[in-house]
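Nothing in this text is a laboratory measurement; each read-out follows from the coordinates by a stated rule. Here the structure is a predicted model, which means the values were calculated and not measured. No Cβ is skipped: glycine too gets one built from the backbone with ideal geometry, and neighbour counts run over all protein chains shown.
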Amino acid sequence: MSGGRCGDAAPEGRARSGETDCEEVIDRLYAFLDEELSAEDEVDVPRIQRHLAECAPCLRERDVEVVVREVVRRACAGDHAPQSLRVRIMTSITTTRG
Ligand SMILES: [Zn+2]
């Protein structure tokens, strides 16, 4: 008999075993994607990458941010995208993922 439990898609849960905090990762994610980390921060890059590999919520956050940046870049080459556009893109992505 199949006793599979539905809905438990993230067995790892939040990877915050005292090493890298989700908040810290998200906080640095933007600088990380911008490649604007200082020499000091670069030490954290492997930690961020490792955390992303273990933490589904943060990985999804990263994916969304990457997609948003790509779409924004194409939508308004060179120009800074208005916040409203970002919000709309974010919303459409999260809505699509259901
Ligand atoms: Zn995390």
Quick check: pseudo-label points 7 Å beyond the Cα along Cα→Cβ at ALA31 and MET90, how many nm apart are they?
2.0
Determine, from the Cβ-Cβ distance of GLU24 and ASP63 and an R0 of 22 Å, the FRET efficiency 1/(1 + (r/R0)^6), rounded to the nearest 0.05.
0.75
For the range 22-97: relative contact order, % (alpha-carbon pairs under 8 angstrom, 6 or more apart):
27
So if R0 is 30 Å, what FRET efficiency would GLN83 and ARG47 give, r being the distance between their Cβ atoms, rounded to the nearest 0.05?
0.50
Do me a favour and compute the ellipsoid semi-axes for the range 22-97 from its Cα gyration tensor, root of five times each eigenvalue, largest one first, whole Å.
24, 16, 8
